[in-house]
Structures are given as structure tokens and as C-alpha cells.
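To keep things clear, I will list the structure first and then write my remarks on it.
The values are calculated or read from the model by the stated rules, or taken from the named source; none is laboratory data. Bear in mind that the values here come from a model prediction, so they are computed numbers and not experimental data. In this analysis, Cβ positions are derived from the backbone assuming ideal geometry, glycine residues included, and neighbour counts consider all displayed protein chains. These accessible areas exclude ligands, DNA and RNA; they are computed on the full protein's heavy atoms, side chains included. Shrake-Rupley method; radii C 1.70, N 1.55, O 1.52, S 1.80 Å.
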Amino acid sequence: MNLQWYPGHMTKARRAMEENLKLVDALVEIRDARIPYSSTNPDLAALGKNKKRILVLNKGDLADPVCTDHWEKHFVAQDYLPLSGDARQRRLGDAIKSRLSEWAEEKRQRDKLKGIVNRPVRIMVVGIPNVGKSTLINTLAGRASSKTGNKPGVTRGVQWIRLSSSVELMDTPGILWPRFQSETVGLHLALCGSLKEEILDPRALALKGIELLHLRYPDALPNKYQIHYQGDGAAFLRELALKQGLLLKGAEADLDGAGRRFLQDLQGGRLGLISLESPDNFGEQPHESV
Ligand code: G4P
């Protein structure tokens, strides 16, 4: 299965992000809690050098909480500031704001000692597509937020949303491109629904997903479908199709339909809280050193 693609607009998005990065003091990097290794771009370490960074493990409501806890500890040990949760919920937004207020206060103190006029801490949300950037920006901004508008010297088009008297959020997120050097990364992104569906073959993807799920969470498939995976993914999909009435003309099992159904269930959390990557398998990659 070939999952490599690199649309031209990503080059543009990256350039825009590099420009916008110059305007901020701190980054809020979002990754998918189910796949923290695959849902980042290692270049961010260099791009965001000298910036403070909060690492959000998002979609925590779909991830295995034990695994998320291991990841948090793993990232703390690497001097990250991880926070996990659900970008749609105020709770995560409040936890992030509380961190940002601490930084703003530290900055205020430093500026005061230097005798310079304190300016707000400016932050930007960054992450690969579909990881929850817009959702988090909306949650952080809330209904009561006010845009501060364009200011002289600020790149045209960038707007600042005032989160408090001391913190401003860029309304445009920075888009990173995931790394596709390894097929595993593409597979994990696809299984979590982070790649465009139309480029994927649902049956081939489901076959890989079923195998992976069986290895990591052996009870998930029989619990959900009352079907036991016996090492033959096609046979599993056939049984699933027949059981769920997914039939083609002539009452033939619709294997693509069954594949899609499995993927929807997996991505919607209906197969349980599932993480595809643990720090012991994916945590010690060279790119992780920050
Ligand atoms: P992006 O800007 O990084 O590209 O991502 P975006 O916020 O658009 O979020 C992508 C999808 O992920 C959206 O679903 C969004 O609702 C969902 N999402 C974001 N954060 C969370 C989370 O913490 N948990 C869960 N379960 N989902 C989350 P969508 O189906 O594309 O759109 P919609 O139908 O929700 O509007």
C-alpha cells in the first residue's frame, strides 16, 4: 500500500508557518494521543528552537488512557510539557491557559527587571493536518474572546485573539507535514483517519488494521463483532460483511464495505479506547531528542 504523497500546498503552508513562527514566543504543538510518534514532524524541534512549547496529546477521549499516561511520563522525561485531553472540551483549554499565564507572569517579571515595557506572550498552535488545531483554537478563544485585529508590523492576514491581558493567540495554526519515510507512519495516520479517505483502499487498510488491532488489543474485535480473527483478514471481513448485511449483488459479501465499517468503528472509538503507539515501541526514535 503506497501512502506517500506530498501536495504542493504543503510547501506553501510550511513557508507561511516559518514566517509566522517569527511572531510568537511559544508554541502549542498538538499530536494525536493514539499515535504521538506518527503525528508530528521532527523538523519542529529545529523550527521551534528557542520557543517555549506545550505538547498537547489530543483526542485523548479515543486513546488508551494507560498508554497516554506512559506517553506523558515519557515526554516529561524529555523536558516537554505534555497535557492530554479533548480539544473540544474547555477543561483542556483551561489547563493550557493556566500554563500560559504562568509563562506570561515569568516574562513580566523578567521584563520588569530589565526595565522594559512588558508585552503579551504570543502563541501559535501547530500540528499536522486533522489533529485538532482549529478545534483547539476555537476552544481556547471561547465565545468571550476578542480579536485584537491587525497591528502595524504584523504579517498581513494574521490576527491575534486575546486570551487574557497577557496572552495572545495567533488565529492561524501552523501546519506541519508528517514524515512518511516509514510505511508504519502512513499506516498509523490512515488508521486514525488523518489521511484523505479517497486516496486509500479501505479493504487493504482494514486488513492491516485488523492485524495490528489483534496484536495490540486481542479482545477488541471479538468484543465488538463476536468474530474471532484467525490470522486471515479477508475471512474476517467476509464474516463481518455477512453478519452486518453488507452485501453486493448476488448476496456476495461486500469486503470494501466491511473494511469501511471496521475503519469507521475504529476511528469512532467503537472498538474501545485504542492507541497504536506506545513509548516503548516508538518513544526512542532519534528525532525525539529535543
Ligand atoms: P485541524 O485543524 O488540525 O486540521 O483539525 P480539526 O480541528 O479540524 O479537527 C479534525 C477533526 O477531529 C474534527 O472532526 C474534530 O471535531 C475532531 N477532533 C478534534 N479534537 C478532538 C478530540 O479531542 N477528540 C475527538 N474525538 N475528536 C476531535 P471532523 O469529523 O472532521 O469534523 P466535525 O464533524 O467534528 O466538525
Rounded to whole Å², per residue accessible area for the chain with a 1.4 Å probe reads 50
Computed for region 8-179: size of charge dipole around the Cα centre, +1 on C-beta of each Lys and Arg, -1 on C-beta of each Asp and Glu, debye to nearest 20, value 680
Accessible-area order for 108, 53, largest to smallest, probe 1.4 angstrom, reads 108, 53
Longest principal axis of the chain (C-alpha) makes with the long axis of helix 90-114 (C-alpha) an angle, in degrees to the nearest 10, of 30
Of the residues 92, 70, 118, the Cα lying farthest along the dipole of the chain towards its positive end, which is defined by charges on the beta carbon of Lys, Arg, Asp and Glu, belongs to 118
Helix 233-243: inclination vs the chain longest Cα principal axis, degrees, rounded to 10, gives 80
Rounded to the nearest 10, the angle in degrees between the Cα long axis of helix 202-216 and the longest principal axis of the Cα atoms of the chain comes to 80
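For the chain, give the percent of accessible area contributed by carbon and sulfur heavy atoms, probe 1.4 Å, rounded to a whole number. Kindly include the intermediate steps, with their values, before the conclusion.
Values: 7190 of 14610 Å².
Summing carbon and sulfur atoms, their accessible area is 49 percent of the total for the chain.
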The set of residues whose placed amide H lies less than 5 Å from the amide H of residue 24, leaving out same-chain residues fewer than 5 positions away, is none
